[in-house]
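Some notes on the structure that comes next.
Just so you know, all these numbers are worked out from the coordinates, no wet-lab data involved. Model, not experiment: these values are computed from the prediction. Quick reminder, even Gly has a Cβ in these numbers, built from the backbone with ideal geometry, and neighbours come from all protein chains shown.
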Amino acid sequence: MKTSRILILVFGFILSFQFMNAQNLNQIQRGQRGYVPQSNFSTGTYIEKVDPYKTTERMLVKCNDEFQLDAFQSEILKSMLITKFEKHNSILEDLNNNRDSRKKKLTDLENQFLKDLNQVFTAQQIKDYQHMNFDETKAERKKRKKDEKRKKKNKS
């Protein structure tokens, strides 16, 4: 009985050693040649530059639908949005800013923009504006791409 237990234990150790050896732990793998450094991932989101005019048009349509703005309010909002996005792009283009200062400047820009919205919106409308989603839905994106294809086809 003892010999069978010892035999099973020895067989188990040999089998587990074979599995560990087959995995090549801490050794260069077959397809891996040389030193490959680990990639450094940023936990924050990447902020991209935007086209001020296209983004303003998309946001202006949604604001007009939501808040029923007249032509004068719409023009004021349009100019405010364009200047906001141009400043946003200039902050992102400035290579002297590090990530933290860029983030601080962008939040300051957003806060200043919300203060300037008092010219056009009421306090409740500003709260509603902050909670609005200006991202394109799939249907809007599909329609926009379809329209762009039509324009491109008609140009040719």
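Of note:
- Added length on full extension, which subtracts the Cα-Cα distance from 0.36 nm per residue, Asn111 to Asn98: 2.7 nm
- The stretch 52-148 - Debye-derived log10 I(q)/I(0), Cα point model, q = 0.16, 0.20, 0.25 Å⁻¹: -0.78, -1.08, -1.33
- Distance-filtered residues of the stretch 125-141 - backbone nitrogen under 11 Å, label point 7 angstrom along Val50 Cα→Cβ: 133-136
- Using 0.36 nm per residue and subtracting the Cα-Cα separation, the extra length available between Phe72 and Lys2 on full extension is 15.6 nm.
- Taking a straight line from the alpha carbon of Lys104, these lysines sit under 18 Å away, with near neighbours fewer than eight places off in the same chain left out: Lys49, Lys84, Lys87, Lys115.
- Exposure proxy order (Cβ contacts within 10 Å, fewest to most) of Arg141, Arg58: Arg141, Arg58
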